[in-house]
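Report on the following structure.
Nothing in this text is a laboratory measurement; each read-out follows from the coordinates by a stated rule. Computed from a prediction, not measured in an experiment: that's the story for all the values here. No Cβ is skipped: glycine too gets one built from the backbone with ideal geometry, and neighbour counts run over all protein chains shown.
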Amino acid sequence: MRGPRLEIRLDRLLHNARSLSQQLASRGISVTAVSKASLGLPEIVRTWTAAGIDSIGDSRIETIEALVAAGITTPMLLIRSPMLSQVERVVAHASSSCNSEPVVLQALAAAARSQGRRHGVLLMVELGDLREGILPADLEAVAQLTLEQPALRLLGIGTNLGCQHGIAADPRNMAELSALATALERRFAVKLEIVSGGNSSNLPWLAAGHPPGRINHLRLGEALLLGREPLARTALSGLHTEAFCLVAEIIEAKDKPCQPWGQRGHTSFAPVATPPQRQPALRQPGLRQPRLRQRALLALGIQDVDPAGLTPPAGITIVGASSDHLVIEADRPLAVGEELRFGLDYSALLRAMTSPFIQRHCLQGDCLQGDCLQGDGLQGHGLQASSLLGHALPSGARV
């Protein structure tokens, strides 16, 4: 197999999805699996649906269209407010969308009427993270506008926390969302199907034992893919954190000085506001020659991945990156052509999945998908699916 490549363990993703969906179902909470960090890879989406996930979310209509073209029939939620220029495509391919702007709702209604469809709407409420959302005082008016459009269906309300300013889900803001849902139902004599409390950052709140109230839906990405919650970047008990591995090839390996020499200015990716560093050359008469270390270049760069989000193998240190080179130092000799394997955080995964230069290989167990199937591949991992939210799974639940 050539590199650089992402090796994707579908068996581990299957375990994460089954574990999360079953445990959350025991609390009355359904899951929309967010596919944006996987670039809507159909193999991953099919793994999620096989695990019992019943809806898929993505922020880009292009990805949703590609999933529909790939034969995925699972309901699709556009989790970013639709662009006015794309409302026709949104109505045609997404069963529902998250919304906060009246003008977009009116455009969605017009597009749905012209296509003879009814489009589902999840109204997003601002509860402190200051990304998207209707201020609570304005929610009633926007809900009324939505209900007045026969081509729209008000599915419910939701909020987003953690993504912009790291605001955590807590008993106060979750209770506020529950209260807003109840107030809308009383005001308009309707029943909201969905009260969407947020994303993977909500899981610590649930794990702490807080009652969910009216919260019956979460939009999960990082927890499903990487087995982590995003606020403290901690692993979630019982989930796989290494379903993805980035493999890169060494293209140069030499003993080199540990420090550069010569006058220094900006690098290609240095912030413009940062003044260039000026320091004397290291190799001036009378200066000791610098210590040598094993240094290598890998065929991988900032165009492909977020280097800060990579976890190198033991004995390897990442010392820098440019557009298409990753620079490392090692405690052992390295060889040209040797491959190294890196773990990824969410940022690194998102960029790596987007790069056209990184191959994607899906595996079941240790084998390429289609070459051999090893069931769920969970034997010997010792994962206990009952520990994530502090609850046992329902009787008869299968992991």
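For residue 39, no residue whose modelled amide H falls within less than 5 Å of its own remains once neighbours fewer than 5 places apart on the same chain are excluded.
When the P(r) is computed for the chain, the part past 28 Å accounts for 54% of the Cα-Cα pairs. Length available on full extension from residue 234 to residue 259: 0.36 nm per residue minus the Cα-Cα distance, which gives 5.6 nm. Just to confirm a number: summing +1 for Lys and Arg and -1 for Asp and Glu over residues other than residue 315 whose beta-carbon lies under 14 angstrom from that of residue 315, what do you get? Cβ neighbours under 14 Å give a net charge of +1. Electrostatic bookkeeping for residue 93 treats Lys and Arg as +1 and Asp and Glu as -1; over the other residues with beta carbon under 13 Å from its beta carbon, the sum is -1. Fully extending the segment from residue 193 to residue 80 would add 38.7 nm, taking 0.36 nm per residue of separation and subtracting the current Cα-Cα distance.
Taking other residues whose beta carbon is less than 15 angstrom from the beta carbon of residue 66, and scoring Lys, Arg as +1 and Asp, Glu as -1, yields +1. Within the chain, helices built from complete DSSP H runs that reach 24 Å or longer along their own axis (Cα positions) and carry a mean Kyte-Doolittle hydropathy of -1.0 or higher are 171-188. Across 160, 216, 199, mean-square fluctuation computed from a Gaussian network of the chain (C-alpha pairs under 10 Å connected) peaks at 216.
Under 5 Å from the amide H of residue 77 lie the amide H atoms of 56, 57, 58, each residue being 5 or more positions distant or on a separate chain, with H modelled from the backbone and absent for Pro and chain starts. Shape class of the stretch 98-211 from the Cα gyration tensor (axes a ≥ b ≥ c, square roots of the eigenvalues): prolate, since a/c reaches 1.5 or more and a/b is larger than b/c. Shape class for the stretch 9-226, computed from the alpha carbon gyration tensor (a ≥ b ≥ c): oblate, with a/c not under 1.5 and a/b at or below b/c.
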